[in-house]
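The values are calculated or read from the model by the stated rules, or taken from the named source; none is laboratory data. Everything numeric here is computed off the predicted structure, so don't read it as measured data. Cβ coordinates were reconstructed from backbone atoms using ideal geometry, including for glycine residues, and neighbour counts include every protein chain displayed. Just the protein is used for accessible areas: all its heavy atoms, side chains included, with ligands, DNA and RNA removed. Shrake-Rupley method; radii C 1.70, N 1.55, O 1.52, S 1.80 Å.
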Amino acid sequence: MTKARVWPVRAMYTLVAAALVISLIITAGPPASVAAATGGPVLAEWGRVDTPTIEDWVLAPESTIVDFATAAPGEVAYTIVNTEYPRPDDPPEDWAPWYLLRSTDHAATWKDITSGVDKELDRKNLGDINRMSHVACAPDDTDFVAVTVWPAGSPGMHVLISKDGGTTFRDTGIVEHGAVSLDQVFAFVVSPEVGDERELAIGGIGDDGFGAIFRGKAIGDWSTGWELARYQGWDGTDDPVVPASIAVFDIKFAPSWAADKTILAVTATPSPGGFNIHLQSGTWGTTEGWNTKSTPGIGPVLVKTVPDLPTVDGWIAGITLPTNYAGRTSAQRHSWVWVNYLDGDADAGPAIGEIFRVANTSVISVTQQIHGKPWLTNVDYLGTIASGKAIA
């Protein structure tokens, strides 16, 4: 079992909010001279604004940013907010703590789009929102957004999808297959569109106690339902008797998805030394399967065996990929995997965050530049295998 170590909620809010607005900080300075439309130079007037703004109470004080997604090239963003206070104009009976917001100006200002979710739940007689946990948007369409919802009138989690930026949503049904559903959600992603279809992948811990990925297909604004897509060989042995894993921490559709339908996942499996963190390679296309049965044709890559894992709402491991990652070519199967772990007893620490570069099946730690190896909440990379920039 993993040992619990909880992060302060306000610290999480600060980290995520900072990530959302990092490119929007405006430094006050002397007036600047600009060219007027009429031809002569004029003085521009600069002022300070709060980013993100709390205009119309959409980001109320004491709110917690639960999850966010940014659509390329970054101008459009979505976030789920849980707030402790009603908006000033809301009657008490209409107040609800969960909101889905959309920004079209790099997260500077936000618009509440929760009404689209509410209308779809009403149409399906599913009741009010009990909880929302994850939001994901398509990498090639800023208007395609999906959100995970626990409705009051349903026994399980639903995924709602929208093709118009959240104005209207359609329910894909409960995320379950057979007797298995998701108990905890750690990752939720949407693929690029190929042939009018998109894949949706959602993963975490199943209610049977094992790691699970569920796969759905979106065609337009309707879906074909959900199926369980985990693999018993995730422990590295290909033994069908061995449990798949204890958790799926992250999922990524490869940039080469349109050509090779490659999907990647990070999992944890118990081992004599603690827990094995694996990078898994799969194919959801003409060649269905994981690892040796996939287009990459390689086994699960052991990234790190760690003594113990923390419990921080799934912020334990993740993947980031270069723009020219390609599942069919060994020289282009490069990725970066980050892992948070406890080096010894949970009460004694220390807590360590480590980043690894995975080149096909070779693994190299690249954390030396970050002093003290602090815990990580996210690692992103922009660029090619040969050259790029990373932020941790």
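Residues whose amide H comes within less than 5 Å of that of G344, counting only those at least five positions distant or on another chain, are D308 (H built at 1.01 Å from N in the peptide plane). Rounded, prolate or oblate: which one fits the stretch 150-258, using the alpha carbon gyration tensor with axes a ≥ b ≥ c (rounded when a/c is under 1.5, else prolate when a/b beats b/c, else oblate)? Because a/c hits 1.5 or more and a/b fails to exceed b/c, the stretch 150-258 counts as oblate. Among K217, K119, K124, the order of accessible area from largest down is K119, K124, K217, computed with a 1.4 Å probe on protein heavy atoms. For A187, nonlocal amide neighbours, meaning residues 5 or more places apart or on other chains whose placed amide H falls under 5 Å from its own, are G203. Summing charges over all other residues whose Cβ lies under 11 Å from the Cβ of E120, with Lys and Arg as +1 and Asp and Glu as -1, gives 0.
Close amide H partners of H134, meaning residues 5 or more places away or on another chain with modelled amide H under 5 Å apart, are T148.
Accessible-area rank, largest first, for W57, W98: W57, W98, with all protein chains present and a 1.4 angstrom probe. Rolled with a 1.4 Å probe across the full set of protein chains, the surface gives E288 an accessible area near 100 Å².
Couplings 3J(HN,Hα) for the stretch 74-86, derived from phi with the Karplus relation 6.51 cos²θ - 1.76 cosθ + 1.60 (θ = phi - 60°), are x, 6, 9, 9, 10, 8, 9, 10, 10, 10, 8, 10, x Hz, where x marks Gly and Pro. The residues packed around D105, meaning those with a beta-carbon under 13 Å from its beta-carbon, carry a net charge of 0 if Lys and Arg are +1 and Asp and Glu are -1.
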